[in-house]
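Comments concern the structure below.
Every number in this text was worked out from the coordinates using simple rules, so none of it is lab data. Predicted model only: the values in this text are computed from it and were never measured. Note that each Cβ is placed from the backbone with ideal geometry, even for glycine, and that neighbours are counted across all protein chains shown.
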Amino acid sequence: MSDREVVARVAAGVSRIDSAAWDACAGTDNPFLSHAFLSALEKSGSATARTGWQPAPILIDGPKGRPAALAPAYVKSHSQGEYVFDHAWADAYGRAGGRYYPKLQIAVPFTPVPGRRLLCRDPSLSPALIAAAEQVVANNRLSSAHATFIAEDEVPLFEQAGWLIRIDSQFHWHNQGFGSFDEFLATLSSRKRKAIRKERATALDGLTVERVTGADISERHWDAFWVFYQDTGARKWGRPYLTRAFFSLLGERMADRLLLVFALHDGEPIAGALNLIGADALYGRYWGSVAEVPNLHFEICYYQAIDFAIAHGLQRVEAGAQGAHKLSRGYRPVPTYSAHYLADPALRRAVAHYLEAERRAVFEDIAALDQMGPFRKEL
């Protein structure tokens with residue numbers, strides 16, 4: 001980093017920042033970091049102060065006042081929609097007389113997708129961006145700052161700044177240059193190949209699959225998908241995080257980076273999944289169904305995603321948080337990372353001790369799960 005003075009500021013939201021300036025820092029690889037996606041969360045009423053996600057992106061301006069570094073940040077009044085669970089930390093701090101909320105969250109709301117959180121045109125500004133987050137905590141008397149689902153190469157930057165690193169895992173499918181789904185199946189044990197073929201046949205019995213992307217996505221498709229999303233959201237979270245308007249905004253702003261997969265019965269959608277298309281990955285996000293069909297979830301969310309990734313030369317499929325059932329379907333466990341700055345030294349010491357043991361357990365679990373995968377042992 002140069003010797004010039006670095007000044008950081010907090011904006012009132014991603015929507016208040018020029019879209020080209022934001023995307024110049026964020027790049028184009030990961031659609032969730034784009035101005036279009038993040039500003040749609042704000043404009044649709046999904047990520048706002050009212051929902052406990054007060055937008056507070058951190059900026060460092062470069063020459064001519066254009067942002068040289070950014071971090072998508074939010075002041076949080078709860079820990080919902082983060083997928084890195086710190087509820088136990090909040091409870092323990094509250095019992096000790098502390099106030100855990102509000103806190104600063106550097107993240108993509110409601111989205112457990114790994115990626116950069118320090119969005120820098122000038123990489124030497126990364127330490128200054130971390131320091132700015134710490135200053136936001138101090139200036140506003142927040143308890144902490146949390147950067148969730150950070151890129152692996154950002155881990156050393158946060159470690160050097162003294163943040164605590166937490167490790168968890170997800171299941172990703174990796175493309176080995178397959179030319180077809182059958183080529184992928186050939187890497188699995190005979191028993192697993194047969195099981196997957198049977199699952200696919202059972203799921204699609206009497207149904208057809210429709211994939212929709214780009215300009216072909218209409219409000220009719222969003223209306224159908226909204227029904228599925230509401231059902232899943234109500235069962236998982238009590239109420240859906242996203243509003244109906246959010247999906248229409250996605251369709252308006254970034255349709256070419258969206259893939260909707262529907263299961264149709266007599267031409268009518270009975271289930272569907274939303275995926276986002278990155279530079280080298282397909283990201284599965286939301287799924288829902290209004291009918292109970294055996295194995296349909298696996299087909300629409302996992303196997304259709306693999307089919308699409310192979311056809312379009314994408315390197316991996318990221319199918320979201322949790323779900324050990326993905327293992328037997330060719331998705332392998334990989335580590336995910338988060339970084340945590342806790343202002344209170346006592347809370348920091350307690351959490352650091354816990355994380356040390358948790359990290360060992362997670363890595364042991366990843367190794368054990370990988371050995372249990374469906375792949376032929378000689379591979």
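Points worth noting:
- Point-to-point label distance, GLN371-ASP223, nm (Cα→Cβ direction, 7 Å offset): 5.4 nm
- Placing a label point 7 Å from the Cα of LYS64 along the Cα-to-Cβ line, the residues of the stretch 25-58 whose backbone N sits under 15 Å from it are 25.
- Only alpha carbons enter this Debye calculation for the stretch 239-379, each as an equal point scatterer, and the log10 of I(q)/I(0) it gives at q = 0.09, 0.12, 0.15 Å⁻¹ is -0.41, -0.69, -0.96.
- Overall dimensions of the stretch 41-98 as given by Cα atoms, namely Rg and Dmax in Å: 15.4, 49
- Listed peptides 21-33, 316-328 appear in the order 21-33, 316-328 once ranked by packing, highest mean of other Cβ atoms within 10 Å at the front.
- Computed log₁₀ I(q)/I(0) - Debye formula, equal Cα scatterers, no solvent, the stretch 90-173, q 0.20 Å⁻¹: -1.05
- Theoretical gain in end-to-end length, GLU268 to ASP256 [0.36 nm per residue, Cα-Cα removed]: 2.0 nm
- Sorting the Cα pairs of the chain by distance into bins of 10 Å, from 0 upward, gives 5, 22, 31, 26, 13, 3, 0 percent per bin.
- Each Lys and Arg contributes +1 and each Asp and Glu -1, all at the Cβ; summed about the Cα centre of the chain, the dipole is approximately 640 debye.
- The equivalent ellipsoid that matches the C-alpha gyration tensor of the stretch 1-146 spans semi-axes of 25, 18, 13 angstrom, in descending order.
- Rounded Å value of the spacing that divides the Cα centres of the stretch 36-65 and the stretch 129-199: 23 Å
- Rg [Å, one decimal], Dmax [Å, integer] - the stretch 271-324, C-alpha atoms: 11.2, 34
- Close amide-amide hydrogen proximity is noted between LEU188 and ARG376, each under 5 Å apart and 5 or more residues distant or on a separate chain (H modeled in the peptide plane; Pro and chain starts excluded).
- Amide H contacts under 5 Å for TYR286, placed H, 5+ residues apart: LEU274
- The stretch 170-212: C-alpha pair distances exceeding 15 Å, %: 58 percent
- Placing one equal scatterer on every Cα of the stretch 1-64 and applying the Debye formula, the log10 ratio I(q)/I(0) at q = 0.15, 0.20 Å⁻¹ is -0.52, -0.83.
- In the stretch 140-295, one over the average inverse separation of all distinct C-alpha pairs is 18.9 Å, which is the Kirkwood hydrodynamic radius.
- Each residue of the stretch 145-228 gets 236 Å³ once the volume of the Cα convex hull is shared out per residue.
- The C-alpha atoms of the stretch 76-123 occupy a region whose extents along the principal axes are 42, 21, 14 Å, arranged from largest to smallest.
- Cα-derived Rg over Rh, computed across the stretch 211-322 with Rh taken as Kirkwood radius: 0.94
- Note on the chain: helix-only mean residue ellipticity at 222 nm, from DSSP H runs of 4+ residues weighted -39500 (n - 2.57) and normalised by residue number, equals -10500 deg cm²/dmol.
- Around the amide H of LEU258, modelled in the peptide plane, lie the amide H atoms of GLY214, ILE277, all under 5 Å away and 5 or more residues distant in sequence or on another chain.
- Per residue, the convex hull volume that the Cα atoms of the stretch 193-267 enclose (Å³): 124 Å³
- Lysines with Cα under 28 Å of LYS103, excluding same-chain neighbours fewer than 8 positions away: LYS43, LYS76, LYS236
- Inter-label distance, nm, simple model (7 Å from Cα along the C-beta direction), ALA291/HIS78: 3.5 nm
- Dividing the mean sequence gap of close Cα pairs (under 8 Å, 6+ apart) by how many residues the chain holds gives a relative contact order of 20 percent.
- Among the GluC sites (Glu not before Pro) in the stretch 5-94, those placed in a DSSP loop whose Cβ has at most 14 other Cβ atoms within 10 Å are GLU5.
- The lysines whose alpha-carbon is closer than 28 Å to the alpha-carbon of LYS377, local same-chain residues fewer than 8 away aside, are LYS192, LYS194, LYS198, LYS326.
- Taking Cβ atoms as reference points and 15 Å as the exclusive limit, the residues near GLN135 contribute a net charge of +1, counting Lys and Arg as +1 and Asp and Glu as -1.
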